[in-house]
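The values are calculated or read from the model by the stated rules, or taken from the named source; none is laboratory data. Note that the structure is predicted; figures quoted are calculated from it, not measured. Here Cβ is always computed from backbone atoms with ideal geometry, including for glycine, and neighbour counts include all displayed protein chains.
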Amino acid sequence: MTLLSETSCPWPVDAESCGLADLDPDAPLFIASVATASSIMTRLSAYTVGMCEVEIRPLNLCRECRTWCCGGADAIYLTGPFSIPVWDVSRVRLGADEYPETSWRYDRDSRMLYRVPPDVWPFKDEKWSDAGEGEAFVVDAEVGTPPDAWALDVAARLVKELYLSCTGAKCRLPSNVTTVTAQGITVRLRDDEVNTFIPELGAWMASVNPHNARLPGAVFSPDLAAARRGALRSPGTCCA
C-alpha cells in the first residue's frame, strides 16, 4: 500500500483564488507553495480532508475464505492508508491485466468493491510482485474527502502567504520559516506555527479536527478477517 508521505496530494487551488492573478500558474514556486499548503492542511485535518491517489493491495498473501460479513467472494472491503476512507476507485488490476469497468462497482457508503456475478475476485495477492507484474492484485483509488469551499478558501490564503514569504514580500508569516536554496524552495514551518500566524487556518482546524488528532479514527471488529490476522498472527506468519 502506498503511503501518503510518498504521494503528492495537491488541492485544486489556482493563482487567481490566492489573489495572485498575474502569476504564472506553472511557476515552480507557486506549485511548491500549493503542494506545501495542501500537505499542511491535510495533516491538520488528520488526513480526513484532501484527496490522494494511492495503490491499495487489500488481499492477503495467502488464500483465505471470505465470509459474508467481509463481502464474500464477490466483494472486498477497501480502506486506505491510516484507515482513511476510499472516496473512489479508478481501476482494478491483476498483474498486467486491467479489469473492465463494467465488471466491478465501488460502493462508497459500504466501502465495498463489488464484482459483477457470476465472476468473483481473487482470494490472494502475490505480494512479492510489484504492481502490474505477476499476480499482483492492485486497486488504484482516491482516498480522503474533497475539500469544501471553506477549506479551499483557507488553503488559498495559506498558499499566498507561503508564496510571499519565499519571495521576501510582506506577509503574515515570520521571516525565518523559509529557506531558499540553489536547487529550489524549501519551506520549514511547523503546523502549530501556521495556526498562530494565520487565524483562519486555526479556526478551520478547530472545526474539522477539534481534538488535534494525528490520524483518523478507526474501529476494528474481530469479525473481520484482517483484524483477526493482526491480533492473532505475528508479522510474516502465513495461513495454513
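Quick check on Trp121: is it in contact with a helix residue (DSSP H, G or I) (Cβ under 7 Å, 6 or more places away or on another chain) and either in a loop (DSSP other than H, G, I, E, B) or exposed (fewer than 15 other Cβ atoms within 10 Å of the Cβ) (or both)?
So Trp121 fits the description; yes.
Would you mind telling me which numbered condition in (1) part of a loop (DSSP other than H, G, I, E, B); (2) modelled with pLDDT of 90 or more Cys171 fails?
(2)
Before we move on, is Gly50 in contact with a strand residue (DSSP E or B) (Cβ under 9 Å, 6 or more places away or on another chain), under 30 Å from Trp204 (Cα atoms) and at pLDDT 90 or above?
Considered against the rule, which asks whether it is in contact with a strand residue (DSSP E or B) (Cβ under 9 Å, 6 or more places away or on another chain), under 30 Å from Trp204 (Cα atoms) and at pLDDT 90 or above, Gly50 comes out as yes.
Among (1) under 22 Å from the mean Cα position of the chain (by Cα); (2) surrounded by 13 or more Cβ atoms within 10 Å (Cβ to Cβ), which single condition is Glu98 missing?
(1)
Among the residues of region 160-168, is any surrounded by fewer than 11 Cβ atoms within 10 Å (Cβ to Cβ) and modelled with pLDDT under 80?
Yes, there is a match, as at least one residue in region 160-168 is surrounded by fewer than 11 Cβ atoms within 10 Å (Cβ to Cβ) and modelled with pLDDT under 80.
Just wondering, is there one or more residues in region 110-118 that are buried (at least 16 other Cβ atoms within 10 Å of the Cβ) and of a type in the set (Gly, Ala, Ser)?
Within region 110-118, not a single residue is buried (at least 16 other Cβ atoms within 10 Å of the Cβ) and of a type in the set (Gly, Ala, Ser).
Report, ordered by the first and then the second residue, all pairs with beta carbons closer than 6 Å, sequence separation of six or more or different chains, a first member in region 144-155 that is assigned by TED's automatic domain parsing to the domain that holds Gly202, and a second member that is in a helix (DSSP H, G or I) and of a type in the set (D, E, K, R).
Val154/Glu200
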